[in-house]
Every structure is written in C-alpha cells, then in structure tokens.
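What follows is a single structure, written as structure tokens, with notes after it.
The values are calculated or read from the model by the stated rules, or taken from the named source; none is laboratory data. These numbers come from a predicted model, not from an experiment. Every residue, glycine among them, receives a Cβ derived from its backbone with ideal geometry; neighbour counts consider all protein chains shown.
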Amino acid sequence: MKLTLAEKIIKSHLVSGEMKPGEEIGIKIDQTLTQDSTGTMAYLQFEAMGIDRVKTKLSVAYIDHNMLQSGPENADDHLYIQTVAKKHGIYFSKPGNGICHQVHLERFSVPGDTLLGSDSHTPTCGGMGMLAIGAGGLDVAVAMAGGEYNIIMPGIVNVELKGKLKKFSSAKDVILEVLKHFTVKGGVNKIFEYTGEGVSSLSVPERGTITNMGAELGATASIFPSDERTLEFLKAQGREKDFVELKADEGARYSEKITIDLEQLEPNIALPHSPDAVVPLSQVQGKKVTQVAIGSCTNSSYMDLMKVANILDGHTVHENVSLVISPGSKQVLTMIANNGALAKIISSGARILESGCGPCIGMGQAPSTDGVSLRTFNRNFKGRCGTESAEVYLVSPEVAAFSAIKGYIAGKEDFDENIDLNIEIPKEFLINDNMVISPAEDFKDIEVVRGPNIKPFPKNKNLEDTTGGKVLIKVGDHVTTDTIMPSNAKLLPYRSNIPYLSEFCFSQIDKDFTKRAKENGGGVILAGKNYGQGSSREHAALAPLYLGIKAVIAKSFARIHKSNLINNGIIPLTFVNEEDYEGIDMMDEIIINHLLSQLKSDIIIVENKTKNKRYETKLTLSDRSVEILKAGGLLNFMSQVIK
C-alpha cells in the first residue's frame, strides 16, 4: 500500500485503532513540550497521576508566555515548573531562551518522531518532518505518563508546491494562500502534507512558518518531507545524527489536493479580524499604520530578522510608527548581535523585545485606541492584541519592515530591488544551550516549590443520567478560546488559579456571565460554528467546568477545544438541524434525560422545557471518549486505568 508521509509516521507509532479516516486511533508520543501559560496546569495534572518520571524520549518545559513580572505570580509559576521539571525528568528552557516552537525546531525536533505540545502552534516542527500536534495540557500530561494520544484518523490534504518564490514573496504568503482556500475551519481533522518540486526551494525555517500557521486552519498537523534542506539545517545546528530521509511513497493517495505555483504568488495580507480574511496586498496598500510588530513563533527566525535588518539598514522608522521586534530565540538574538544586524535594526529606531511571545498573545505592546497594527504573527482575532478597537493585519516580515519605514502598508512600488533578501542558512548556527536546564538524575530529594497563586484544578464527577440547566450565554460563529477565557497581560499570571480566572470567563462579550453561572448553579452554553477556535488552552474548558457548565451545544467545534471539553467531562453536542440554534434563547431551561442510555447511539435528544421543544443533537464519540465522559473527564479515567 502506498502511504503518505503522515501515514508512515502514524503507522510506525500506532498503538490502537485502524488507519481509516474517521476512526479513532491511539499513537505513541516521542516528545512533548509545554509553555508556561498552559504548563503549570499540565504539570499539576501529571503530578496527580502519581508517575515519578516522564516516559517519553524527551519532554521540554518552556518559559516564553508569561514574561512580564509585575507581581510574583509569573515568577512563582516559573519556579514551580522549573522544580517539577527537575524532579520528573523534563528539560527546562529558562525565560529568555526563546519561544518554544522556534527553540524546539532549532534544538530538539527530530524527523519521523511524534511531538505533542500544550500549544496550538506545536505543528511548527512539521517543518522538520515531525508529526507535531497541538493539544490540551491534560493530553500532554497523559503522554508524559506514557499514555497514548487519541485522535480521529485525519484525512491527508496534499499541497503541491511548484516553482520558486519571487524576491518579495515569502513563506508567509504561502500559508495565507492556503488559508484563503480552506478558511479557519477547513482543516479540522486533516493533516496538510506539502509535496512537489517547489518544496526543495524552501528552507526549514520557511517550512516552519507554513506549518506553524497551519494551526489557523484548524488542522491536526502540517508536515514537510525530510530531505537535503532538512539535513542542511540539522548540520548547521550540530545535529546531523538526527537526520533521516522521509517522504511520501510515489503514488500515495490523498483525500484532497491543491497546487500552488510559487512563481505566481504575490504578497498576501490577512485583514482584521481573522487569519483567513486574506486578500492580495495590493488591495490595502497605502493604508496608514501606527504600529508594526515583527516576531512570534511564525516569523522570528534568523533568516526573517536578517531580511528585516537589510531592509531597515540606513533607514529610519516613520515618525508615526512604533516598530517592535521580538527575536524567536537566544540563538537568533545572539547571532544578529554578533554579525551587526541587530545594530542596523536598533539604528533604524526599532524597539527590541526579549525572546518570547510578547505582543502576539497580548502580553504588552497593545496598540493605541483605534490603532492600525501590522504584524507578522499568526492570529489577529479582535481584542487579542490588548486593544478592542484596534485593527490588526497579518503580513510577512518583508512587508512589515518596508511598511514601518513608509508609515503605511507598503506595496510593490515601495519595495527596493537593491536590497539583498537572499539569506542563506548559515553553515553553522551559534550553539549555546546554557539556558536549558537538565533534569536531576537523583530526583527523590528534589522539592517542588508551589507559590500561593497555584490553586487545585477543578475536577468533574461521574456523568449523571439527567443533566442540563439554563442557557447561560448564546454566542455566534468562530468564538475563540481568547473570547471564552481572556489571556491578556492582566490575566495570564493567573493561569494556575482557576477560581480567580473564572471570574473573567466570557468577560469580553458578557460581563455578567460568571455571576449568572453562579446564581443558576451552572448550566449550558449555546454556540455557532467552529466554537473554541484558536489557542489550545484548556482554561477555556476548566473555567466553565469550575462554573458548573454541563454541556455546550454548538453547530460545530474546533478540534482541540472539543477534546478539552471531553477531557474535563463537559458534553460537546452538535445540532443535527442547525436551524434549531435560532429557536433557543438565553435562560431557556435545557434538560437531557436518560443520558447514559442515550450514549449508546450517536443521537442525543435535548429538551427545552421553557419552550416545550425537543432537539436532536449529535455526540459522535469513540468508545474510549464515551468512557472518559462517563468518568467525569480524562484525569478520572486515567486514575481508573492506572489503578
């Protein structure tokens, strides 16, 4: 049987199930990563399983999100993660070492291995030929404990690349083109596999940009072959021993296919407020901007910043523009400091931020009221930047740099043909892993330090035969996890304190939600299409769990969030007839009777006692997921399994 690359890796890691589209499979996980916004909860959950040491080949804990330390909360969480990592066999990447996806691509990614990360942009390492998947923290905790990771066997989409990018087109334009075609919900339960002669023209960092933003498709993963460009990158990182050549079989069959001619690709731009609102750059060039931000796990590589330095060299940032730049890793920052590129950037008037997520997650650098921010990031959801009224556009580093000089969104006529943008991978990257702390060999006497902000995480109880409650909120399509559980600079320090965090659940759109949930003893959430898109953060399930949410009834769910709901014992139901959504109002009383017997079929009957109506909903789950729901969540289920 001819296999795609993704199928080859899945087959070699298959623990349970059959590789048939739509069937649940369990795969062995080789590596895990966490970051500090999700990591504290993941390690609390890991500790609750009573496992002494992680059972993966490699697990790494990164500090890259909660970098502002205006109080002790972030520092306390970092100390907890560092000590729990030391004790349980996990490598610890200190704050300042860089963004988890950039550093992992540089120093730890291995072609053909599986990687599970508690961050939705974990698929970045697909640029190295890994099967890299984003998940909730509890799934990562289970993987660290040696458990399999269960997913629906995805369809494999073939993205064939032809030709070579023109001078002012970039890898960012490739993934924006894919997003334009598939939209933010078109990749659910799919893996995007890149093939074709155009692949060889893209370096590993460029491939990483493309696989990184594949998360915005809702995709399970994105992957490139491991080839001579992979070997080139690994040699430069001093990791040639990790190389293995990997590609799809000739004649492998894909569920879908699109072809992109790189020669014909023009610069793209994503308009506010969605990564798939993609149009040609020419449609909006000339629009004045007030802020330009370059960086994030999408576009903060050595190659990206060398291009930016060459564009800014000898120029001054426009007087009405604030330009901020976040190098992706200590390696990148040190190298551009050594070769003079950093001096060029600073001389232009740019502000240098530390190597972390920063503005991408709303951790500082919020634009001015009604500001226009041009960013090289992966998401531009309304309010994510920290300013509700701001307009955020997504572009390549090249377009961002030219625009910072001009003061408006630059177009073709603003691009300087004399600037050298042909940046090659260095023969040798600067290798200095002194900010990665190894775990202790003798771990028994290691004390795990827990700050006062770290509170116990909420746990559900066994599923009851009758459940439901009032409809506490009714939301529309494409509600993000940022909307469900805001993660701005004020709230990120409280990611390990669910009781406090829950006070702000849905606060961006309904400030009375938490009060209403408490007054009614919990209830039900009603939602439109693609509910829970965006970040993998399970806090968007944990806070509703703490507030007593029993079920979410939606037109459709984003993959990771649906999994997080199941993992926490919250029932994710989808309408059989989407028109039923219109007939349900806030504060209608929803009841599900005989739930345990109804779980034997895919159809769950939901009653609206207020309107005396009944609705058919779907709960299409594997036998394992049904047992997880019955147990009140994955942690309860695993406790039974381990015993």
Checklist outcome for this item: Across segment 6-56, the tally of residues that are assigned to a loop (DSSP other than H, G, I, E, B) and under 22 Å from the mean Cα position of the chain (by Cα) stands at 4
Checklist outcome for this item: Considering residues that are among the acidic types (Asp, Glu) and surrounded by 12 or more Cβ atoms within 10 Å (Cβ to Cβ), the number found within segment 411-461 is 3
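Here are some residues: ARG351, ARG384, ARG375. Which one is in contact with a Pro (Cβ under 8 Å, 6 or more places away or on another chain) and not assigned by TED's automatic domain parsing to the domain that holds ILE175?
On the way: ARG351 fails: in contact with a Pro (Cβ under 8 Å, 6 or more places away or on another chain); ARG384 fails: in contact with a Pro (Cβ under 8 Å, 6 or more places away or on another chain).
Answer to the selection: ARG375.
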Checklist entry - If we only count strands (runs of 3 or more DSSP E) wholly inside segment 574-643, which ones have 1 or more residues that are free of Cβ contacts under 8 Å to residues at least 40 places away in the same chain? => result 603-608, 613-618
Checklist entry - Only one of these conditions is not met by LYS185: (1) surrounded by fewer than 20 Cβ atoms within 10 Å (Cβ to Cβ); (2) assigned to a helix (DSSP H, G or I); (3) of a type in the set (Lys, Arg); (4) in contact with a Gly (Cβ under 8 Å, 6 or more places away or on another chain). Which number is it? => result (2)
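From the list ILE560, ILE566, exactly one residue is buried (at least 20 other Cβ atoms within 10 Å of the Cβ), under 19 Å from the mean Cα position of the chain (by Cα), modelled with pLDDT under 95 and of a type in the set (A, V, I, L, M, F, W, C). Which is it?
Working: ILE566 fails: modelled with pLDDT under 95.
Of ILE560, ILE566, the one residue that is buried (at least 20 other Cβ atoms within 10 Å of the Cβ), under 19 Å from the mean Cα position of the chain (by Cα), modelled with pLDDT under 95 and of a type in the set (A, V, I, L, M, F, W, C) is ILE560.
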Checklist entry - Got a number for residues in segment 57-94 being surrounded by fewer than 21 Cβ atoms within 10 Å (Cβ to Cβ) and in a loop (DSSP other than H, G, I, E, B)? => result 7
Checklist entry - Conditions: (1) surrounded by 18 or more Cβ atoms within 10 Å (Cβ to Cβ); (2) at pLDDT below 95. LEU545 meets all but one. Number of the miss? => result (2)
